[in-house]
Amino acid sequence: MSTKTIVALTEGSCHREIKRILESNGASVMMLRNRGDLHRIRNATHLLLPGGTDIHPALYGQTVSWARGFDAPRDWLEFQLARHALLRGMPTLGICRGCQMLAVAAGGVLWQDFATQKEMPVHASNHEIRTTRNSLMRKLVGARITVNSYHHQSVATPPKGWKATAFSPDNIV
């Protein structure tokens, strides 16, 4: 990572550790905490959206059925940041909730609670995922990898033009 890299990072799960790792690798990290920080994104070269609470279903055209634990100010900020990054082609990494927010900002839809809605068992916190053939994800991590996830929301319908490239054994993105 070059010293000219400026990563905008929102507060979420593990954000302090992520910030420490990025800075130890030469990035300059700006923390974005609320809508008053939105203007600062113009100085960023990259965006990182970490994990956290559920995304409010109104952002993807649904009413609340199974989603819970919302953070409306964070939802608003991250939705705006994701739209900005997507429209400008800014390199962006979304971790768990962050990936879901990117999908929502691009027009995708989430499962509010995939285990309930699909009538299936809840995933263990550590579970295997498989990657799709000929995908960048497969090149980076291989055909199968064990991941750590605690979320119950997931992308149900990827945005138009997007292709999911990693799935749990029961086909959850």
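Need the failing condition index for ARG74 against (1) open to solvent by less than 70 Å² (accessible area, probe 1.4 Å); (2) assigned to a helix (DSSP H, G or I); (3) without any contact (Cβ under 8 Å) to a residue 60 or more places away in the chain; (4) out of contact with any Leu (no Cβ under 9 Å at 6 or more places or on another chain), just the number.
Evaluating ARG74 over (1) open to solvent by less than 70 Å² (accessible area, probe 1.4 Å); (2) assigned to a helix (DSSP H, G or I); (3) without any contact (Cβ under 8 Å) to a residue 60 or more places away in the chain; (4) out of contact with any Leu (no Cβ under 9 Å at 6 or more places or on another chain) leaves (3) as the failure.
Name every residue in the stretch 12-60 that is of a type in the set (Asp, Glu) and either in a strand (DSSP E or B) or in contact with a Leu (Cβ under 8 Å, 6 or more places away or on another chain) (or both), in order of residue number.
ASP37
Take the stretch 113-134 and flag every residue that is in a loop (DSSP other than H, G, I, E, B), out of contact with any strand residue (DSSP E or B) (no Cβ under 8 Å at 6 or more places or on another chain), on the phi < 0 side of the Ramachandran plot and not β-branched (Val, Ile, Thr).
ASP113, MET120, PRO121, HIS123, ALA124, ARG133
Which of (1) without any contact (Cβ under 8 Å) to a residue 40 or more places away in the chain; (2) under 17 Å from the mean Cα position of the chain (by Cα) is the odd one out, the single condition ILE21 does not satisfy?
(2)
When you go through ILE129, ILE145 one by one, which is the residue that is touching a Ser or Thr at 6+ places or on another chain (Cβ under 9 Å), crowded, with 16+ Cβ neighbours inside 10 Å and among the hydrophobic types (A, V, I, L, M, F, W, C)?
It is ILE129.
Of the residues that make up the stretch 112-119, is at least one at pLDDT 90 or above and either farther than 16 Å from PRO169 by Cβ or surrounded by 12 or more Cβ atoms within 10 Å (Cβ to Cβ) (or both)?
Yes, the stretch 112-119 has at least one match.
Consider ALA103 against the criteria (1) out of contact with any Leu (no Cβ under 8 Å at 6 or more places or on another chain); (2) not in a strand (DSSP E or B): it satisfies all of them except one. Which criterion is unmet?
(1)
Give me a count of the residues in the stretch 148-157 that are out of contact with any helix residue (DSSP H, G or I) (no Cβ under 9 Å at 6 or more places or on another chain) and open to solvent by 30 Å² or more (accessible area, probe 1.4 Å).
Looking only at that region, the number is 2.
Could you tell me how many of the residues in the stretch 1-11 are closer than 28 Å to GLN112 by Cα and either assigned to a strand (DSSP E or B) or open to solvent by less than 50 Å² (accessible area, probe 1.4 Å) (or both)?
3
Checking TRP76 against (1) modelled with pLDDT under 90; (2) touching a helix residue (DSSP H, G or I) at 6+ places or on another chain (Cβ under 8 Å), which test does it fail?
Among (1) modelled with pLDDT under 90; (2) touching a helix residue (DSSP H, G or I) at 6+ places or on another chain (Cβ under 8 Å), TRP76 violates only (1).
Can you tell me which residue among VAL109, VAL104 is at pLDDT 95 or above and under 29 Å from ARG42 (Cβ atoms)? Can you show your working first?
Details: VAL109 fails: under 29 Å from ARG42 (Cβ atoms).
Testing whether each residue is at pLDDT 95 or above and under 29 Å from ARG42 (Cβ atoms) leaves just VAL104.
Condition first: within 24 Å of LEU110 (Cα to Cα), β-branched (Val, Ile, Thr) and in contact with a helix residue (DSSP H, G or I) (Cβ under 8 Å, 6 or more places away or on another chain). Can you find one or more residues in the stretch 43-56 that meet it?
yes
The values are calculated or read from the model by the stated rules, or taken from the named source; none is laboratory data. Keep in mind it's a predicted model, so treat the numbers as computed, not measured. Positions of Cβ are backbone-derived with ideal geometry, glycine not excepted, and every protein chain shown enters the neighbour counts. SASA here: full protein model, heavy atoms, side chains in, ligands and nucleic acids out. Shrake-Rupley method; radii C 1.70, N 1.55, O 1.52, S 1.80 Å.
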